[in-house]
Amino acid sequence: MDEKDREILFKLFRDHEDVLGSSRIAMLALQAFINSIQALRCDATDLKALFTELCEAIRHTEPRIVPLIHLIKPFEAEMQTQYSDDLEKTKSEAIRILMAKLDLLKSKVGKVIEHGVGLIKDGDTIIVHTASSDVTKLLAMAKEVFQKNFKIIILKQDFVKTKQLIRALSKAMIELQVVPEYSLSHYIEQANKLFIGAVSVTPDAKVVTAIGTSNIVSLCHLNKIPVYLFATSLKFSHHPSSHQKIHTKMVAKSQDDVNYTLTTHSHDIVDLKLIDYLITEDGKVGKRGMAKYVA
């Protein structure tokens, strides 16, 4: 895989993660890996090199898709004893192992959603900023299955992402109010909770989140609005925030006869100390209990 192909792959991961969230993109990536193995035609001796090349690219995505990396590492280890001269047998074993990883991820995400539904009370007004699939699904379940009566304030940013939220939550018949993210201060007193997702949580107590999240979390913290972070244990990275490979892009711009270079980043970094509650597959964890997850 040359540098151009790697950049295309990384951009694909970023674009999908931005709209769907890291749990969902990890599921899609695992399923795509399975589908590609099923369609693969090559010599049995080439399989290991092909798998290694793809897994190496996954380990270096910008930013790191930590749940996917955590699942790919044991896949590589388990495959070491499965390579043989029988192409179809090796492919079947690879698919079996990947299906088990996919099922594990789905199970952990499902438990996070179950715990999250229990946190929503009648009369809540919840701020939502990102199109995290975990957060979106638990909100829809709270309304559709448990008939809870609550309101969502959607903070509009890039409309590709905001559109996903509006469609998903409107389909669940949830009461919505869409406001610009830079105007949250005018609506903050209406809210009593902020729900966010994460790409990863790092051992230096940082959370890699969607761009714009840092300012929103800070404003909620100042106004004593509890911040709830939804993240499976697979999102906890072994690498510090400085190694999460947040993508930086510099684009030449020209506007009103002024030329300048606009620098943007793909994600924000939020201090874990600003998070009031962490929700994993184990349930709700307060500030004191978070230390064991980042140790």
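Kindly provide the trypsin sites (Lys or Arg not before Pro) of region 202-244 that DSSP labels as loop, not H, G, I, E or B, and whose Cβ sees at most 10 other Cβ atoms within 10 Å. Intermediate values should be presented prior to the final figure.
Numbers: sites: Lys206, Lys224, Lys235; in loops: Lys224.
Counting only loop positions with at most 10 other Cβ atoms within 10 Å, the trypsin sites (Lys or Arg not before Pro) in region 202-244 are Lys224.
Taking 0.36 nm per residue of sequence separation and removing the Cα-Cα distance, the Leu219/Asp85 pair yields an extension gain of 42.3 nm.
Assign unit charges at the C-beta atoms only (+1 for Lys and Arg, -1 for Asp and Glu), then state the dipole size of the chain relative to its Cα centre in Debye, rounded to the nearest 20.
Numbers: 39 positive and 36 negative charges, 191 e Å.
Charge dipole, the chain, about its Cα centre: 920 debye, nearest 20.
Using a probe of 1.4 Å on the protein chains alone, the accessible area found for Thr136 is around 20 Å².
Just to be sure I understand: of the beta bridges DSSP finds with both ends in region 174-295, what percent are antiparallel, rounded to 5? Intermediate results must be reported in sequence, preceding the final value.
Details: 19 of 26 bridges.
Bridges in region 174-295 that DSSP calls antiparallel: roughly 75 percent.
Computed from the alpha carbon atoms alone, the convex hull of region 68-222 holds 145 Å³ per residue.
Normalised by the number of residues in region 248-287, the mean separation of alpha-carbon contacts (under 8 Å, six or more apart) gives a relative contact order of 26 percent. As a calculated quantity, the FRET efficiency between Ser185 and Lys151 at R0 = 25 Å, using C-beta atoms, amounts to about 0.85. Dividing the C-alpha radius of gyration of region 119-207 by 2.2 N^0.38 Å, with N its residue count, gives 1.08.
Helix-only arithmetic for the chain: the sum of -39500 (n - 2.57) across DSSP H runs with n ≥ 4, divided by the residue total, places the mean residue ellipticity at 222 nm at -14500 deg cm²/dmol.
A crude spin-label estimate for the pair Leu50 and Glu175, with each label 7 Å from Cα along the Cβ direction, gives 5.5 nm. The DSSP beta bridges internal to region 89-225 are antiparallel in roughly 20% of cases.
When only Cα pairs below 8 angstrom with a gap of at least 6 residues are kept, the chain shows a relative contact order of 19 percent. For the pair Ala252 and Val294, the difference between a 0.36 nm per residue extended length and the Cα-Cα distance amounts to 11.2 nm. Note on the chain: antiparallel DSSP beta bridges, both residues inside, total approximately 50 percent of the bridges counted.
Counting only protein heavy atoms and a probe of 1.4 Å, the accessible surface of the chain is 52% carbon and sulfur. The lysines whose alpha-carbon is closer than 16 Å to the alpha-carbon of Lys253, local same-chain residues fewer than 8 away aside, do not include any residue.
The values are calculated or read from the model by the stated rules, or taken from the named source; none is laboratory data. Quick caveat, the model's predicted, so the values are computed rather than measured. Methodologically, a virtual Cβ is constructed for each residue, glycine included, from the backbone with ideal geometry; neighbour enumeration extends over all protein chains shown. In case anyone asks, the SASA skips ligands and DNA or RNA and just uses the protein heavy atoms, side chains included. Shrake-Rupley method; radii C 1.70, N 1.55, O 1.52, S 1.80 Å.
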